[in-house]
1. Just checking, does the stretch 61-84 include any residue being under 30 Å from Ser366 (Cβ atoms), touching a helix residue (DSSP H, G or I) at 6+ places or on another chain (Cβ under 8 Å) and modelled with pLDDT under 85?
2. In the stretch 40-55, is there at least one residue being in contact (Cβ under 8 Å) with a residue 60 or more places away in the chain, surrounded by fewer than 23 Cβ atoms within 10 Å (Cβ to Cβ), under 20 Å from Asn353 (Cα atoms) and within 14 Å of the chain's Cα centre (by Cα)?
3. Given the criterion surrounded by 24 or more Cβ atoms within 10 Å (Cβ to Cβ), among the aliphatic types (A, V, I, L, M) and within 18 Å of Ala384 (Cβ to Cβ), identify the matching residue among Leu303, Leu298.
4. Give the residue, chosen from Ser245, Ser260, that is modelled with pLDDT of 75 or more, in contact with a Phe, Trp or Tyr (Cβ under 6 Å, 6 or more places away or on another chain) and among the small types (Gly, Ala, Ser).
5. Name the single residue, out of those in the stretch 321-350 being assigned to a loop (DSSP other than H, G, I, E, B) and over 13 Å from the mean Cα position of the chain (by Cα), that is modelled with the highest pLDDT.
6. Could you give every pair whose Cβ atoms fall below 8 Å, whose first residue belongs to the stretch 243-265 and is in contact (Cβ under 8 Å) with a residue 12 or more places away in the chain and closer than 20 Å to Gly372 by Cβ, and whose second residue is hydrophobic (A, V, I, L, M, F, W, C) and in a loop (DSSP other than H, G, I, E, B), counting only separations of at least 6 or pairs across chains?
7. For the stretch 25-53, enumerate the residues that are over 14 Å from Ala130 (Cβ atoms), modelled with pLDDT of 75 or more and of a type in the set (Gly, Ala, Ser).
Amino acid sequence: MAETGAPRRQSLGFLLLYALAWAGGAMAYVPFLTILLPARMTALVGVSDVEYLGYVTFCGAVAASLAGIAFGWLSDVTRNRRGWIAAGLVLTILLLLAVPLAKDVWTLIGIILLWQLALNMVLSPLAAWAGDCVPDEQKGLLGGLIALSPALGAWSGAIATTPGLVSVDGRLAVVAGLVLLAVTPVLLFGRPRPFPELTAPPPVCADGDVAARPRGPAVRMWLARLLVQIAEAALFAYLYFWFRSIDPAMQDNEKARLFSVALTLAVPVALLAGRWADRRDRPFLPLVIGASVSAMGLVGMALAGDAGMAKASYLIFGIATTVFLSLHSGQTLRILPRSDRRGRDLGVFNLTNTVPSLIMPWLTISLVPGFGFETLFLLLAALAAGAVLLLATLPRGR
């Protein structure tokens, strides 16, 4: 613990190990859901791949929604974040390795359901662990470091899909190995400085009720993230097919590299914006700017007439959205109502990651066949603009 009167800061070593572990979660799902699963789906069902990808996305999102709340709550009750993370890690790796064994689409869907449960056994307690040991003065830095997660997740996809590196089925083994290497260090060597006030139960009022924080800011943060995540989820699941429609000659590795470049460029932007937010005590302003630029990128994608403009617009959208979501993850920890139910409440916030996957397939199936990706992107831009309105009037600081 810092000395009295000194700034309250968590050790940089723990923050870096934590950021690497969080990146391990992205390494598990980014290459799998954006590249490897769509390719596997095409191999199993051919021209029906988009339809079946919608089904598997829907079913997986339901499983992830329930698992996020359940495992977050269990880690609250047991006060054992590490144990749940370790168990989920083992199951996640085993299920990734089981994917090539699926010889029909329904077996694949079953594996994806179990994989979603296991992955959220890792991610929900891991998210709550940050709330247990990172003070408000470092929430912006935490958000900036979290931006490493999607970048490393995307680069893991680029590595796994490198032509000639491994067989198609062997790509999932590469991903599983990277996940293991990323998450294990914080479990073995992570020794965060204690901040007892962050884990102390909320006081009880004279009438016996728990004195929780106001819920208004949390609701608005939840809704804003939901709107941006709907846009992000649509691109996350259908980026493969959109680029294929723009440039049929684009290879899988080129798609993965473009995705990686956007997320990598977002890292220094998020770190600078997060540190600025900490120093100026303006935690929500970078979120407003990020959502605004995301909307602009989506408009550019809707108007893209060639591969060059499509790639440039996607880079704008990808960078801004990654900065927004990373910083949002850090700042969410400051507005949760109850410290003793942090894991459960973050599970509810995780619905902003999974509910879009319930909405997005039907939105895409309804709009893309008849109106094209252009109409979809304009609608998503309007949703991102709605997030700007929700966040623009939040209180300035602590």
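1. Yes, because at least one residue in the stretch 61-84 is under 30 Å from Ser366 (Cβ atoms), touching a helix residue (DSSP H, G or I) at 6+ places or on another chain (Cβ under 8 Å) and modelled with pLDDT under 85.
2. The answer is no; no qualifying residue exists.
3. Values: Leu303 fails: surrounded by 24 or more Cβ atoms within 10 Å (Cβ to Cβ).
None of the other options fit; the residue is Leu298.
4. Ser260
5. Leu333
6. Taking only residues 6 or more apart or on different chains, the pairs are Phe243/Met250; Ile246/Ala304.
7. Result: Ala26, Ala28, Ala39, Ala43, Gly46.
Residues are listed down the side, and each one gets a yes or a no for (1) of a type in the set (D, E, K, R); (2) part of a helix (DSSP H, G or I); (3) surrounded by fewer than 20 Cβ atoms within 10 Å (Cβ to Cβ); (4) in contact with a Ser or Thr (Cβ under 8 Å, 6 or more places away or on another chain):
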{"position": "Ser124", "(1), (2), (3), (4)": "no, yes, no, yes"}
{"position": "Gln138", "(1), (2), (3), (4)": "no, yes, no, no"}
{"position": "Gly143", "(1), (2), (3), (4)": "no, yes, no, yes"}
{"position": "Pro150", "(1), (2), (3), (4)": "no, yes, no, yes"}
{"position": "Trp155", "(1), (2), (3), (4)": "no, yes, no, yes"}
{"position": "Leu165", "(1), (2), (3), (4)": "no, no, yes, no"}
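The values are calculated or read from the model by the stated rules, or taken from the named source; none is laboratory data. Since this is a predicted model, take the numbers as computed values, not measurements. Using ideal geometry, Cβ is built from the backbone for each residue, glycine included, and neighbour counts are taken over all protein chains shown.
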